[in-house]
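Chemist: Take a look at this one; I'll ask things after.
Every number in this text was worked out from the coordinates using simple rules, so none of it is lab data. Everything quoted here is computed from the prediction, not taken from an experiment. Heads up, the Cβs are rebuilt from the backbone with ideal geometry, glycines too, and the neighbour counts pull from every protein chain shown.
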Amino acid sequence: MVALAMFDYRRLEQISTVLYVGTLFALLAVLATHPARGAAVVPLGPFQLQPSEFATLVLIVAIATYCSADRGLVFRDLVRLVLMSVLPILLVIKQPDLALPS
């Protein structure tokens with residue numbers, strides 16, 4: 001908690017595009033790998049990464065960064081925001097569900 005409190009949240013604005021693109025690649029990696037037992041994870045050695053959990057936070061940061069620009073928001077910006085949101089949402093929906101035996 002101390003490390004998080006010391007982190008300057010304004011730095012997220014500078015790296016929001018990198019985080020957004022990285023999250024999209026991680027969500028695509030889930031579809032490219034063969035998930036174990038249907039779980040939507042990316043195996044990283046002894047660890048497993050579930051990018052859909054990070055996608056929610058990254059999407060919030062990316063949208064907030066886009067909206068905080070010093071220009072007025074018009075209808076075209078709303079369309080861009082919807083498209084920006086739909087891409088990770090569709091990738092998460094496309095992920096396999098955890099297949100439990102019946």
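Chemist: Out of all the residues in the range 51-80, which are surrounded by 15 or more Cβ atoms within 10 Å (Cβ to Cβ) and of a type in the set (A, V, I, L, M, F, W, C)?
Modeler: 54, 55, 58, 59, 61, 62, 63
Chemist: Right, next: Go through 83, 44, 31, 4 for me and flag whichever is in contact (Cβ under 8 Å) with a residue 12 or more places away in the chain and not basic (Lys, Arg).
Modeler: After ruling out the rest, the residue left standing is 31.
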